[in-house]
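Everything below concerns the one structure shown next.
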Amino acid sequence: MNTNNLILIIINVLINLLDVLLVILPILLSVAFMTIIERKQLAAHQRRVGPNTTGYYGLLQPFSDALKLIIKETVIPSQSNKILFYLAPVFSLIFSLLGWGIIPFGQGLTLSDFSLGILYTVALSSLGVYGVLFAGWSANSTYAFLGSLRSTAAMISYELILSSAILIIIILTGSFNFITIIENQQAIWYIIPLFPIFIFYFISILAETSRTPFDLQEAESELVAGFFTEHSSVPFVFFFLAEYASIVLFSCITSILFLGGYHMPELFINNSLINLQSIILGLKTCIFCFMFVWFRATLPRMRYDALIDLCWLNLLPVCVAFIILVPSILIAFNISPY
């Protein structure tokens, strides 16, 4: 290999790293500001002021919280499995960030136009269970272990509802590709004909991201803080970032599956304006981020047995019925997406 080829390889690697950083850094910033948005919104729901002293209107509060956690001492339980104890939060954050690699922010604005994008997303959401399970087991703490078992059981259970709702979208579009799904919603958003499916889907992503009313693994009155009870300092920051990165990611995916992604009806805006497509997708994502916090401020935490019964006895049979109903309607009216 001569010097010129080596230089070209190094330049290509640096360009690829720059592309990844240009995606990851805005995502991490959006996750940081998602925390201050949540605190502000919860304060508004509860008629409080909320954080407003660190920076203008409290905008520097996330950076202050991050600095406080980073400079804290990392405490490791003496009987813990130290390797998995450190790797668990890293796994959770990595799986939360990998999902952004196939998100189309506009026409031609994606890191990878993967033809099996939905399968990739579902696989990553399933792998996220391992970070939670490793964290609870490696800490050698009863509270953490029980929290991880609760979270794993809930995530695996509601994975069925999530996959069933996504399967109906696949049946309608005949494609696993996100861009194809977006293009098929130019006439009508899927949230209108599939509103019951959207409700089941949103319930499942609340359980997938361990948000209220499904945050059983973080029940303070029972399990202190759940699977990350023993984690502090930087490992806890990783878990914190992973949770809010998952919230923003699932909000973005929901806007793609049910609200047409970066498209708007021609009545409101001309979709040829490519510069506005990323802004449109961002606004739709903010709607679902608002709903995540709204439900946290409104709904009480469910009992663990009620959480599992809701999935297996109520939601899953109805989802299976819709999986049979939707193809039947397509065949009856001679509608073929293929």
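The values are calculated or read from the model by the stated rules, or taken from the named source; none is laboratory data. What you are looking at is a predicted structure, and each value in this text was computed from that prediction instead of being measured. Neighbour counts are summed over all protein chains in view; Cβ atoms, including those assigned to glycine, are modelled from backbone coordinates with ideal geometry. Just so you know, the surface numbers come from the protein's heavy atoms only, side chains and all, with ligands and any DNA or RNA stripped out. Shrake-Rupley method; radii C 1.70, N 1.55, O 1.52, S 1.80 Å.
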remark   = Expected single match for modelled with pLDDT of 85 or more and either of a type in the set (A, V, I, L, M) or out of contact with any strand residue (DSSP E or B) (no Cβ under 8 Å at 6 or more places or on another chain) (or both) among Leu223, Leu216, Leu167, Leu146 is Leu167
query = Does Ile182 satisfy the condition of being assigned to a helix (DSSP H, G or I), at pLDDT 85 or above, within 26 Å of Leu111 (Cα to Cα) and not acidic (Asp, Glu)?
reply = yes
ask   = Somewhere in segment 102-112, is a residue closer than 20 Å to Leu241 by Cα and open to solvent by less than 70 Å² (accessible area, probe 1.4 Å)?
value = yes
ask   = Taking the stated definitions as given, is Gly147 touching a Pro at 6+ places or on another chain (Cβ under 7 Å) and in contact (Cβ under 8 Å) with a residue 24 or more places away in the chain?
value = no
remark   = So, first residue at positive phi in segment 40-66, second residue open to solvent by 80 Å² or more (accessible area, probe 1.4 Å) and assigned to a helix (DSSP H, G or I), Cβ within less than 9 Å, six or more apart or across chains; the pairs are Gly50/Arg39; Gly55/Phe63; Gly58/Arg39
key: Every residue from segment 133-148 that is touching a helix residue (DSSP H, G or I) at 6+ places or on another chain (Cβ under 7 Å), open to solvent by 20 Å² or more (accessible area, probe 1.4 Å) and of a type outside the set (Ser, Thr, Tyr)   = Leu133, Phe134, Trp137, Phe145, Leu146
key: The one condition in (1) in contact (Cβ under 8 Å) with a residue 12 or more places away in the chain; (2) assigned to a helix (DSSP H, G or I); (3) of a type in the set (Gly, Ala, Ser) that Ala123 fails to fulfil   = (1)
inquiry  = Condition first: surrounded by fewer than 16 Cβ atoms within 10 Å (Cβ to Cβ), among the hydroxyl-bearing types (Ser, Thr, Tyr) and closer than 22 Å to Ala245 by Cβ. Now tell me which residues in segment 55-92 satisfy that.
reply    = Ser64, Thr74
Any chance Ile280 is part of a helix (DSSP H, G or I), crowded, with 20+ Cβ neighbours inside 10 Å and modelled with pLDDT under 90 = yes
task = All but one of (1) open to solvent by less than 20 Å² (accessible area, probe 1.4 Å); (2) in a loop (DSSP other than H, G, I, E, B) hold for Pro193, so report the exception by its number.
result = (1)
